[in-house]
Every structure is written in structure tokens, then in C-alpha cells.
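Structure, as C-alpha cells:
The values are calculated or read from the model by the stated rules, or taken from the named source; none is laboratory data. Since we're looking at a predicted model, the values are computed, not measured. When we count neighbours, we look across all protein chains shown, and the Cβ atoms used for this are built from the backbone with ideal geometry, even at glycine. Just so you know, the surface numbers come from the protein's heavy atoms only, side chains and all, with ligands and any DNA or RNA stripped out. Shrake-Rupley method; radii C 1.70, N 1.55, O 1.52, S 1.80 Å.
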Amino acid sequence: MSIGWSPTGREFVTGGYDATLRIFNYRSGHARDLYYTKRMQRVFAVGISADSKYIVSGSDDTNIRLWRVNASENSGVKTPREENALEYRAALLKKHSHLPEVSKITKSGKRRGPKFVKKQTRIAQIQKESRGNKLENRIKHSKPGVVKHPNEREDAVAKEIG
């Protein structure tokens with residue numbers, strides 16, 4: 001896995017073993033965008049260009065790929081008319097972002113991830129629920145105090161310093 005911060009510090013990109021690149025805003029918990037190709041394998045290195053327009057990724061298939069940070073943005077020179085239209089659209093989205101219809105439209109433009117990633121996520125979720133159900137059944141059907149709930153915070157801390 002790899003992570004790369006944009007020069008502005010407002011976004012970062014991650015690449016992982018699921019063969020996807022995900023772009024996150026530093027304040028949100030959900031990926032803003034998702035990039036993948038069928039041929040790409042595990043991603044070991046990612047980086048963002050100094051002008052924050054491109055992402056560079058290196059994967060296990062020994063390829064280096066160049067991606068646009070904003071996939072829908074054209075890479076050519078824009079006319080003043082195009083720039084004004086893009087600024088106007090962005091201002092409208094910002095002004096009306098509190099309306100549920102507008103937020104639904106902006107969220108629907110997100111790309112869907114690969115099927116195998118969704119499948120693996122669902123399998124992991126089912127396994128976690130099964131472990132929880134098994135623990136609850138063991139606690140329910142054993143003597144009081146013999147089986148206890150594990151402290152998840154202690155499991156998450158690998159080593160305390162100081």
C-alpha cells in the first residue's frame with residue numbers, strides 16, 4: 001500500500017492491494033474518486049504532481065500509469081468561455097449543495113469500484129458479523145464471567161511508547 005499527499009495538503013491518494021487508486025479529501029471519510037483498470041495489479045507506489053493535476057502510480061505489473069486528478073477535466077487549453085462555464089457550474093453546485101436533489105446528482109457521478117473489491121468487502125463484512133454472533137452465543141451459553149467481550153481498543157494498539 002502507498003499514500004501520496006497533494007502539495008496543497010487538502011487531498012491525498014491511496015493505492016493498495018485491491019488494484020485501485022482512491023482520492024480522498026483530508027476532511028471526509030469517503031473517497032472522492034476511484035481509479036482502476038482490469039489489467040492493473042496491486043499498487044505499490046503513488047504520487048501527485050506538483051501542480052496537483054496528475055497522479056502517478058506504479059503497480060505490481062511493472063507499469064507506471066499517469067492519471068488525471070479530475071477525470072472529467074480536459075487536459076488541453078480552455079477558452080475563456082469554457083472557464084467561465086466551469087466556474088459558473090461549480091458556483092451553482094456550491095450554492096445549492098444543501099438541497100437533497102443536488103447532492104444526489106453530485107454523488108451519482110461517482111464511479112463504481114470493481115466487482116471483486118465489492119465482493120471481498122461483502123465477504124469481510126459477513127465474516128465480521130459471524131465472529132460477533134459466535135462470541136455472543138459463547139457468552140450467552142457459558143457460565144457468567146468465563147467468556148468476556150474483548151476490548152477492541154487494546155487490539156488496535158500495537159505498542160505504546162513512553
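Values for this structure:
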item	result
Within the chain, longest stretch clear of exposed GluC sites (Glu not before Pro) (DSSP loop, no more than 15 other Cβ within 10 Å)	74-159
In Hz, Karplus ³J(HN,Hα) per residue of the range 36-46 (6.51, -1.76, 1.60; θ = phi - 60°; x = Gly, Pro)	6, 9, 5, 7, 5, 9, 4, 9, 10, 8, 9
Nearby lysines by direct alpha-carbon distance to K148 (threshold 29 angstrom, same-chain neighbours under 8 apart not counted)	K128, K134, K140, K159
Average Cα contact separation per residue, the chain, under 8 Å, 6 or more apart, as relative contact order %	14 percent
Rounded percent of accessible protein surface that carbon and sulfur make up, the range 1-108, 1.4 Å probe	55 percent
Amide H contacts under 5 Å for K78, placed H, 5+ residues apart	none
Helical mean residue ellipticity (222 nm; -39500 (n - 2.57) per DSSP H run of 4+; nearest 500) of the chain	-11000 deg cm²/dmol
Among L21, T8, A45 the positive-end extreme of the charge dipole of the range 1-116 (Cβ point charges)	L21
Spacing of the two label points (7 Å from each Cα toward its C-beta) at T62 and A156, in nm	4.1 nm
Residue-normalised accessible area of the chain, expressed per residue, 1.4 Å probe, Å²	82 Å²
10 Å Cβ shell holding at most 16 others, DSSP loop, trypsin sites (Lys or Arg not before Pro): longest site-free stretch of the chain	113-147
